[in-house]
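Next up is a structure, given as C-alpha cells.
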Amino acid sequence: MSMKLRDLIRKVRQCKTAAEERAVIAKESAMIRTAIREEQVHFRHRNVAKLLFMHMLGYPTHFGQLECMKLTASPHFPEKRIGYLGMLLLLSEEAEVLMLATNALKSDLTSDNKFVAGLALVAIGNLATADMSRDLAPEVDKHLKSPLSYLRKKACLAMARCLNKCPDMVEDFVERVSSLLKDKSHGVLITVVQLMTQVLMIDYQNALEEDEDPFDTDCRKAFLRLVPYLCKMLRNLLGGGYSGDHDVGGISDPFLQVQLLTLLRLLGTNNEQASEEMNDVLAQVATNTETSKNAGNAILYECVQTIMGVESEDGLRVLAVNILGRFLLNRDNNIRYVALNTLAKCIVEQKQNERDSGLVAVDTGADANNAMSALQRHRTTVVDCLKDPDVSIRQRALELIYHLVNQDNVEQLAAELLNYLVLCPREHRSDICSRILKVVDRFSPDDRWRVDTLITTLTIAGREASAAVQSATTVYISRAPADIHAFATHKLLKAIRDDDGTQTGLLSVGIWCIGEFGDLLLQPYTYTPSSGASNGGITSITFMQLDPSSIVNTIELVTQRRSCPSHVKERALTAYAKLSNRFEGKGDAAALTRLETLLQTQSSSKSLELQLRACEYNALVSASKGMKLPPIKKPEVAKDPTEIDLFGDTSAVVPESDNGAVSSAVIAAAKEALARMPVVDAKVLQKRMSTGDFPDGADGSAAAAPALKAAAATNGSAPSAGGDLLDIFGGDAVPTTNGGTTAATTTTDSKPGSSDMDLLAGLFDTPAPAPSTDLAGAAPLAPTTVDMFAPAPTTSNPAPAPPTPGMDIFGADPTPAAPAPAPINPMDLYATPAAPAMPAAGGVG
C-alpha cells in the first residue's frame, strides 16, 4: 500500500540531494502504477492527490489522467472535487481522453448541488474544446438564467470559453448577455463585462473574415445602446461609499473599474457618439483616482488607454499625457516602463492618423492644446530616463525621444542622443546612428550643424556606423558651400589625429574629404558656433593653418597602423593622387616628392587593388605634369614592333624629339580626372527623372547608351577632351581603323541618363568581383556604377589572345560590355523610389 500524501511531502522535504528526491518519486510512482493496475478504488483519490503534488514538482504524471476521469464520475463530492482538480492540472485541451469527460460534465451540469454544477462550469471554462463547447453550450446557457448568482458568474466565464471556441454562436447570446448587465451581484457584473468584451472581440474577427464593416455589426449596435448604463455604473463606483468586500487599497472595486474601462474603449473606437457620452466619466476617473496605491495606478493606466483609443477631445488627451508624465516620476520601474511605452504608442498613432486623414502637422508650440505639445512639456523628464540604470527604460526613452524631435528642439535632443551614443551598448550604436541621420536630414537648421553632427557621430561610433551614414556624410559635405568644405575638412583632420584608428567610418570619410579639399587646410578657418549667443557671449573657434607635409604625415600615420583596414588604405591612395594636384604650386616640393614616393611604394604592394591604384594614379599624376611613363614593350616581337602608350593615345603622340612628353589632350584629361568632384542637386535630378527628361527603355532601364556610343564612334578617331582616362569612370572605348581608340561619350557603360552624381554614389559599397584586365587580352566588363573605393577585381587567367594594337592599360574595352540593370540611386538615403543616375564627369573619386 502506498503512503499518505502528507507522508510523501514529508519524505520529499527530507531529501538532501536531487538524486534522493528522484528516487523517492520514482518509488512512489511505481506504487501508484501498481494501484491503478490493480483497480484499488479506495485509494484512487489519494493517488490522484499525490500525482498532483508530483506534477507541481515537475515530474511526469500522464499515467494518472484516466484516474481523474473516473473520479469525476464518482457520486461522492470530495472524490469528484479531487477528480476535477486533477483534470484541470494534468490534462490540456489537446488530450484525447478529454472527450470521455463530456458525458460526465453534462450530467454534473444538471445536478441539484450547486457546487457540483460549479465544478463542471469551471472545467468547461478552462478545458472545453470546440466540439465540447458546441455540445455543452445549451446547458451552460441554462445556468445563465439560474437564480443562484454563484452559478451565473461561473456560467458567464464558461460561456466566454465556448464562444471563443465556436465564434459562430456569438449572435445567439447577444440579448442574453445584455440582460445580465443589470444583475445586482458584484461577481456576476464583473464576469458579464468580461463576457461582453470577449463577444465584441469575437464579433470583430467574424466581421473581418466575412469582409463586413466590423464597426457596424448587429452585436456592436446592441452593445452601443448600453454605453450610458456602463458610464453610470462607472460613475457610481467612483462616488460610492466604502465597501469592505470590494475595496482594495482605498479604491472601490478596482477590478470592475478596469473591466468597464476596457469595454468602453472597445465600444468608443471609431464612434464619435459613444465617445462623446463617455468623455465626462473618463475625465472624472482621471482626476479623482488616487495614485498613491498600485490599484489606483492600474485604473489610471487603463483610463489613459481608453482616452487614447476612443474619439476623445484634445483636452482629455492632454490630461492623459499628463498622467503618464506623472508616471515617469514614479520610483517603480514597471510604471515608468509602461508610461514610456504608452507615450510612444500614442504619438505614433497620432502621427499615423494625421497622415491617413491628410491633415497638416499640428502645432507643437507651448500654446498648442494637443497630446504632442503636452508631451513636449515632459521632455526633460523623458531625457532624464536616458540616464536610468535599467537598459529597458533607456531603450523606451530613446524610442520616445525620436518622436519628440522637431524644428525647435532638434539641437538639444540631438545632443542628448550623442551623449547616449557614448554610453549605450555597442550592439545598439548602429541603429542609433541611423536614427540620428534621419533626424539630421529632416530637421537640420543649417548645413554647418548637419555636417558637425554627422562628424561627431562618426567620431563616437565610426566603427559601428553603417555605410549609409558614411555615404550620407560624404554627400552632405560635397553638396555644401565652400565655407562648409573648409569647416568639415579641418574638423575631420583634427578628429583623425585624435582617433586611435578604431573608428574606421571616420577614417574613410575624413581621408576622402582631405583628398578632395586638402588645399583648404592650408588656410586658417574661424567660425562662431550657433550655441555661443545663447550663453551670453560670442565665442569663436579657429582652426590653424597647416602645411602640406603635416597633412601628408597625418594620412601616412593612419595607413601605417597595423589595424588599418585595406579599404582605408585604398582611400589614402586616392587622397595622395588628389593632394598631388591640390598642393601643386604651393611651394612645398618636399610634400609633393613625398606623395610621389608613397604612390610609387604601393606599386609593388602585395594587394592587387593597392598595386593597381598606385600604377593608375602614378600615370595620372605624371600625365598632369606633362610627363610620360616609360613605354611598355609588346610581349611578342612582331614584324613591325611598336610601343604601347599607357593612355592608348597613338594618334596624338608627340614626336620622339620631345622626350617624355605627352599630348595636350592627355594632360587636360589627367588634370580633369584629379579635379574636385562636381556636385549635382539631387532634388533637381530626381524631379527631372520623374518628369521623363531622360530616355528610358520599355522595361524601365536606360536604353540610349548604344545610340550614344554609336554617335561617338562616328565623330572621328581623335580622342575627346577626356581622352582615354575616362575609362576610370566606366566609359567604353571604340577601336578605330588606325589602331588607336576613340573615347566614348562621358556616359557610363550601359547607363545613359546617368549624371555626375555617380561620383558620389556608393562611396563605401563593394561591388561583385570582376575579371581583371590583361594587357594582351580582352578587358573585363566595365562596372555599371562608379565605386571610387572598390576593392580589386579578382584576377583571372584568360587564354592568350593576339595582341590588340593600341591597348589601353586603364581598361578600354574594344568590345562594348553587355548592359547591366540600373543600380539603386545612392543619393536616396531614406527609402525613396530609386532613380537612374546621371553620367559621371569629373575627377577620380
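The values are calculated or read from the model by the stated rules, or taken from the named source; none is laboratory data. Everything numeric here is computed off the predicted structure, so don't read it as measured data. With ideal geometry, Cβ positions are generated from the backbone for all residues, glycine too; neighbour counts draw on all protein chains shown. With ligands, DNA and RNA removed, areas are computed over all heavy atoms of the protein, side chains included. Shrake-Rupley method; radii C 1.70, N 1.55, O 1.52, S 1.80 Å.
Ignoring ligands, DNA and RNA, what percent of the 1.4 Å accessible area of the stretch 1-104 is carbon and sulfur?
The C+S portion of the solvent-accessible surface of the stretch 1-104 is 57 percent.
Roughly how many Å² is the accessible area per residue of the stretch 547-596, as a whole number, for a 1.4 Å probe?
For the stretch 547-596, the per-residue accessible area is 41 Å².
State the percent of C-alpha pairs, over all pairs in the stretch 212-277, separated by a distance greater than 20 angstrom.
Looking at the stretch 212-277, the distances longer than 20 Å represent 36 percent of pairs.
Which of the listed residues, Gln257, Asn294, Gly240, is farthest toward the dipole's positive end in the stretch 238-301, when Lys, Arg count +1 and Asp, Glu count -1 at the beta-carbon?
My answer, from the dipole projection, is Asn294.
If you don't mind, another one. What would the Debye equation give as log₁₀ I(q)/I(0) for the stretch 9-85 at q = 0.11, 0.12, 0.18 Å⁻¹, counting only Cα atoms as equal point scatterers?
Taken in order of the listed q values, log10 I(q)/I(0) reads -0.29, -0.34, -0.71.
With every protein chain in place, what's the accessible area of Phe583 (1.4 Å probe, Å², nearest 10)?
It works out to around 0 Å².
Further, regarding this structure: Does a label point 7 Å from the Cα of Asp172, set along Cα-to-beta-carbon, have any residues of the stretch 115-135 with amide nitrogen under 19 Å, and which are they?
121, 124-125, 128-135
Ok, one more. Tally Lys/Arg at +1 and Asp/Glu at -1 over every other residue whose Cβ is under 11 Å from the Cβ of Ala130; what's the total?
That sum, taken over residues with Cβ under 11 Å, equals -1.
Under the definition of Cα pairs under 8 Å and six or more residues apart, what whole-number percent is the relative contact order of the stretch 180-244?
That works out to 17 percent.
In debye to the nearest 20, how big a dipole does the stretch 133-249 give about its Cα centre with +1 on each Lys and Arg Cβ and -1 on each Asp and Glu Cβ?
840
OK, next. Within the stretch 1-72, list the GluC sites (Glu not before Pro) lying in a DSSP loop whose Cβ has at most 15 other Cβ atoms in a 10 Å radius.
Answer by residue number: Glu38, Glu39.
On a full-extension model of 0.36 nm per residue, what is the gain between Asp408 and Leu89, subtracting their alpha-carbon distance, rounded to one decimal in nm?
109.0 nm
Shifting gears a bit: As a test of reading the structure, rank Met201, Met69, Met3, Met544 by solvent-accessible area (1.4 Å probe, protein chains only), most first.
Met544, Met201, Met3, Met69
Another question, if that's okay. For Asn164 and Asn113, compute 0.36 nm times the residue count separating them, minus their Cα-Cα distance, and round to one decimal in nm.
Taking 0.36 nm per residue and subtracting the Cα distance, the gain is 15.6 nm.
Next question, about the same structure. Hey, what do the phi angles of the stretch 136-142 turn into as Karplus ³J(HN,Hα) couplings, whole Hz, using 6.51/-1.76/1.60 and θ = phi - 60°, x for Gly and Pro?
With the stated coefficients, the stretch 136-142 comes to 9, 4, x, 5, 5, 4, 4 Hz.
I've got another one for you. Can you find, among Met87, Val24, Gly64, the residue farthest towards the positive end of the dipole of the stretch 1-116? Put +1 on the C-beta of Lys and Arg, -1 on that of Asp and Glu.
Value computed over the given set: Val24.
May I have the pair-distance distribution P(r) for the stretch 446-501, computed from all Cα-Cα distances with 5 Å bins from 0 and rounded to whole percent?
All Cα pairs, binned at 5 Å, distribute as 4, 20, 33, 25, 15, 3, 0 percent.
Please compute the alpha carbon radius of gyration of the stretch 497-609, then divide it by the globular-protein estimate 2.2 N^0.38 Å. Two decimals is fine.
1.24
Under a crude label model (7 Å from the Cα following the beta-carbon direction), how far is Val422 from Gln14 in nanometres?
Label at Val422, label at Gln14, 6.4 nm between them.
Also: Go through His76, His55 and list them by solvent-accessible area, largest first, probe radius 1.4 Å.
Ranking His76, His55 by accessible area, largest first, yields His76, His55.
Restricting to DSSP loop positions (anything but H, G, I, E, B) with no more than 13 other Cβ atoms inside 10 Å of their own Cβ, which GluC sites (Glu not before Pro) remain in the stretch 190-295?
Hits after loop and neighbour filter: Glu210, Glu212, Glu290.
Moving to a separate point now. Using +1 on the beta carbon of Lys and Arg, -1 on that of Asp and Glu, and nothing else charged, what's the dipole of the stretch 466-522 about the Cα centre, debye to 20?
100
Relative to the compact globular guide of 2.2 N^0.38 Å, what is the alpha carbon radius of gyration of the stretch 455-559, as a ratio?
1.09
Given C-alpha coordinates of the stretch 218-323, what is the ratio Rg to Rh with the Kirkwood estimate of Rh?
Dividing the radius of gyration by the Kirkwood radius yields 0.96.
Compute the orientation-averaged projected area for the stretch 128-249 from the convex hull of its Cα atoms and round it to one decimal in nm².
Mean shadow area of the hull around the Cα atoms is 8.6 nm².
Another question, if that's okay. To the nearest 0.05, how large is the calculated FRET efficiency for Arg235 and Arg134 if R₀ is 45 Å and r is the Cβ-Cβ distance?
0.70
So for the pair Lys221, Glu349, with labels modelled 7 Å out along Cα→Cβ, what separation do we get in nm?
Distance between the two pseudo-spin positions: 2.7 nm.
Could you calculate the FRET efficiency of Leu100 with Leu608 from 1/(1 + (r/R0)^6), where r is the beta carbon distance between them and R0 is 60 Å, rounded to 0.05?
0.20
Give me the distance in nm between label points sitting 7 Å out from Cα along the Cα-to-Cβ direction at Ala30 and Gln560, one decimal.
7.9
What are the radius of gyration and Dmax of the stretch 1-140, computed over its Cα atoms and given in Å?
Rg, Dmax (Cα atoms, Å): 16.2, 53.
Per residue, how much accessible area does the stretch 177-229 show when a 1.4 Å probe rolls over the protein heavy atoms, in square angstrom?
49
Go through Thr17, Thr502 and list them by solvent-accessible area, largest first, probe radius 1.4 Å.
Highest to lowest solvent-accessible surface, that is Thr17, Thr502.
Please state, rounded to one decimal and in Å, the Kirkwood hydrodynamic radius that the stretch 52-208 gives when every pair of distinct Cα atoms enters the mean of 1/r.
Taking every pair of different Cα atoms in the stretch 52-208, averaging 1/r and inverting gives 16.1 Å.
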